[in-house]
Every structure is written in structure tokens, then in C-alpha cells.
Ligand code: OAD
């Protein structure tokens, strides 16, 4: 492990372009449940019942009740040392992009500005009619499901199963993964595509790929370094 850490640090020390890809595991030490662990969020809920456009069309109140519960859970939480380390990395490299699958907003709170939020952000709503996106930090929501001033339903500004990622955001992510010297992949099970294919893409384009995860994942076999451990402990050691 010490040797792997040293190799990873040396690569980062000479890197100009760095991309970081994060998943729910990075927020676990802040108290946000992951999706697939023993205590994972999907354990108690079926994704197709809650995180799909069909679910929202069938029962917007049920879907909003779930998001309202998650917003209430996340609201008092703070970034952990893993988030802080990633925020510091943004200032260390001439070219940097943080690609996150997390919707909790904790990376922004830690200070990252160059962020591509692949799956949206739970603190924003989108009008189902006009498409207007607005920040909304009300916890709990005074009215469920909430409505836009135009009268149409508001939905969480989240990419649900069966929906496409924002085209422009994803293009910038593809460029950052193809062009980076080092890709750090932290706290993701690497099973949800297209995010899960980014590590392979970066590797094929010549990047040095570092994975931080207490468990093995489908990308562990081909990454250059697998740092086995929690991101709140491992990431501060990298910088
Ligand atoms: P998962 O819940 O699938 O995976 C979390 C990963 O974090 C697992 O590989 C854990 O081993 C790891 N982990 C747990 N604790 C950790 C810690 N302290 N430090 C580092 N790693 C830790 O979450 P994601 O990979 O983010 O999509 O899931 C991807 C997407 O699936 C989510 O964005 C969400 C979900 O469906 C949408 O909601 C659209």
C-alpha cells in the first residue's frame, strides 16, 4: 500500500491535467448513505419506483417524498476530509475537472468550482413545463409535490434512470477524461454507465488511473493503482 501510494503521489506531482471522478462513497463519511452497500439507499427502495420519469408521472408525491427525505438527511451534513482534499486538488493543477455522480452538493460546499455534476443536484428543481432550473434549499418542502409559478409541477434536477445526461456536460467530461494525465476515481462502484466507462476511456487515452475504494470494483483489474481504503483517509494522503 505504501509503495502504491508513493507511485500515485509521484504521478500526481508531475501531472498538469487531472480529472477526479467521484461517487457516493466519497460522501459516506459525511453521513450520506451510498446506493448499493449493505445500508444502501436502493436496498429499501426499487429504483424503478422512485428514480424514473415513469415513477414521477405515476406518483409525483411519492417521488418527492423520497427526495424530501433525502434533502432533509443531507441538509445538516458537512464535507469530510476526502471532499476537502479534492477541493485542494483543484488549486494544484493547471487543468482540473471534478466529475461527480453525487447530487448532494457537498463538493461545492467544500470549495470545488470546476465541477461537472453528471447526475444533477438535489438542491435544484426544474419546471416540467418551462425547463427553468432554480436553486431550492427548503427543507422540508412546504408543498409536495412543489409547483412552479407557471402552475406546472417542479421535479428534482436529477438525471433519472432512462434519461440522458446533459449533452454539453458529458462532452466536457469526455474531453477531460481523454486529455488528463491522471484520473482519480474515488468512492464509486463503477457499475452505472456511462460514468463507469470513463476510467477505461482515460486509461486507453494514456492516463494513469488511481482508484480509491475500500472494495474492489469492475475497474480494479485495469487501474494503475488501487488504494484500498476510505476516501476521507486516502485522498488527504495523495495531496
Ligand atoms: P454506489 O453506492 O453504487 O457505490 C458506492 C461505492 O463507494 C462502493 O464501491 C463502495 O465500496 C464505496 N465506498 C463506501 N464507503 C466508502 C468510503 N468511505 N470511501 C470510499 N469509497 C467508499 O454509488 P455510486 O457508484 O455513486 O445514480 O452509484 C452510481 C449511481 O448509481 C449514483 O449516482 C446514482 C445511483 O443509481 C443516480 O441517482 C442517477
> Does the stretch 158-177 hold any residues that are in contact with a helix residue (DSSP H, G or I) (Cβ under 8 Å, 6 or more places away or on another chain) and part of a helix (DSSP H, G or I), and which are they?
Replying inline: 173, 174, 177
>> Out of everything in the stretch 41-65 that is away from the ligand (no atom under 11 Å from the Cβ) and surrounded by 17 or more Cβ atoms within 10 Å (Cβ to Cβ), what residue ends up being farthest from residue 144 (Cα to Cα)?
In response: 55
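Residue-by-condition table, conditions (1) in contact (Cβ under 8 Å) with a residue 40 or more places away in the chain; (2) surrounded by 13 or more Cβ atoms within 10 Å (Cβ to Cβ); (3) more than 17 Å from the chain's Cα centre (by Cα):
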residue: 127; (1), (2), (3): no, yes, yes
residue: 152; (1), (2), (3): no, yes, yes
residue: 169; (1), (2), (3): yes, yes, no
residue: 180; (1), (2), (3): yes, yes, yes
residue: 195; (1), (2), (3): yes, yes, no
residue: 226; (1), (2), (3): yes, yes, yes
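Tally up the residues in the stretch 129-150 that are assigned to a loop (DSSP other than H, G, I, E, B) and in contact (Cβ under 8 Å) with a residue 12 or more places away in the chain, please.
Going through the stretch 129-150, the residues assigned to a loop (DSSP other than H, G, I, E, B) turn out to be 129-132, 136-146, 148-150.
Still in the list and also in contact (Cβ under 8 Å) with a residue 12 or more places away in the chain: 129-130, 132, 136-137, 139-141, 144-146, 148, 150.
So the answer is 13.
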> Yes or no: residue 19 closer than 23 Å to residue 190 by Cβ, in contact with a helix residue (DSSP H, G or I) (Cβ under 7 Å, 6 or more places away or on another chain) and modelled with pLDDT under 95?
Replying inline: no
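Matching residues to (1) within 16 Å of the ligand (Cβ to nearest atom); (2) in the same structural domain as residue 68 (by TED's automatic domain parsing); (3) out of contact with any helix residue (DSSP H, G or I) (no Cβ under 9 Å at 6 or more places or on another chain):
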position	(1), (2), (3)
110	yes, no, no
113	no, no, no
123	yes, no, no
132	no, yes, yes
135	no, yes, yes
142	no, yes, yes
145	no, yes, no
148	no, yes, yes
151	no, yes, yes
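Being crowded, with 20+ Cβ neighbours inside 10 Å, within 30 Å of residue 114 (Cβ to Cβ) and away from the ligand (no atom under 11 Å from the Cβ) is true for just one of 20, 32. Which residue is that?
Numbers: 32 fails: away from the ligand (no atom under 11 Å from the Cβ).
None of the others qualify; the one that does is 20.
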>> Give me the strands (runs of 3 or more DSSP E) completely within the stretch 179-239, filtered to those with at least 3 residues that are touching a helix residue (DSSP H, G or I) at 6+ places or on another chain (Cβ under 6 Å) and more than 9 Å from the ligand (Cβ to nearest atom), ordered by residue number.
In response: 182-186, 208-212
>> Suppose the filter is surrounded by fewer than 20 Cβ atoms within 10 Å (Cβ to Cβ), within 13 Å of the ligand (Cβ to nearest atom) and without any contact (Cβ under 8 Å) to a residue 12 or more places away in the chain; does residue 91 pass it?
In response: no
>> So, restricting to strands (runs of 3 or more DSSP E) that lie completely within the stretch 8-120, which ones have at least 1 residues that are more than 23 Å from residue 169 (Cβ to Cβ)?
In response: none
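The values are calculated or read from the model by the stated rules, or taken from the named source; none is laboratory data. Quick caveat: nothing in here was measured; it's all calculated off a predicted structure. In this analysis, Cβ positions are derived from the backbone assuming ideal geometry, glycine residues included, and neighbour counts consider all displayed protein chains.
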